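K.L.:
Got a structure for you, written out below as structure tokens; questions coming shortly.
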Amino acid sequence: MKLQGNEILSLETRRAGQRLIAISAAVLSVKAFRLNLDDLSVLSVSLPASLFDVVAFAILLFGAITFVFNWVGDLTAFKKWYQEREIWSQFQTNMTLDGTFYSSGLKLLMRLHELDSEVQNVASIDELPADVRKDFTDLKTNLELWTVRLEEHQRDFTTVSRMGKFYIFVLWGAIPAIFTFTAIVTLICTGDFQISSQL
């Protein structure tokens, strides 16, 4: 899933989550179906069945630590994205709400204050000088456009926020965590961690 062309979660986090789910599923399958690992061998060397539990536990623990570090880093970047003060128009132009924007808004407010004192004796906008009328019309048009843009972005932002939170916290947060936690607890409760000295 992408936000403004950037992946919400890094490739490393997604791969770490996939590995955790795959290893956890393998561990849970072995334990749930009570698969016989007595004939376990690597390169024609017979290995004790308890070695599976030790290795699986170590891999899951290391994988979980790696995943948590990557996931927290991506979560920090995701939160930072929400703190940026910018709006992208439908033409993909970036309208940053920086100091220039604020100072120009302040200038407009000062000009409006001046206009307000000038128009006290004016019955309608048509009686204003041409330059003042133009400034007023431009300001009104810009405010209307910004209002429409902000309303559109608020709706989009709410949708993206919900999808992004589901993507980060449920799909790539809770699911790998639940699989890993279940596999580790299963290994601790049913595993055999006494490895024979004869390999």
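K.L.:
If we keep just the residues of the stretch 6-65 that are of a type in the set (S, T, N, Q) and more than 30 Å from residue 77 (Cα to Cα), which is surrounded by the fewest Cβ atoms within 10 Å (Cβ to Cβ)?
P.N.:
Ranking the qualifying residues of the stretch 6-65, first place goes to 44.
Yes/no per residue for (1) at pLDDT 80 or above; (2) polar (S, T, N, Q); (3) loosely packed, with under 12 Cβ neighbours inside 10 Å:
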site	(1), (2), (3)
159	no, yes, yes
164	no, no, no
167	yes, no, no
176	yes, no, no
184	yes, no, no
198	no, yes, yes
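K.L.:
So in the stretch 1-55, with the set limited to residues that are within 23 Å of residue 163 (Cα to Cα) and among the acidic types (Asp, Glu), which one is modelled with the lowest pLDDT?
P.N.:
7
The values are calculated or read from the model by the stated rules, or taken from the named source; none is laboratory data. Bear in mind that the values here come from a model prediction, so they are computed numbers and not experimental data. Because the Cβ atoms are built from the backbone with ideal geometry, glycine has one as well, and the counts that use them run over all protein chains shown.
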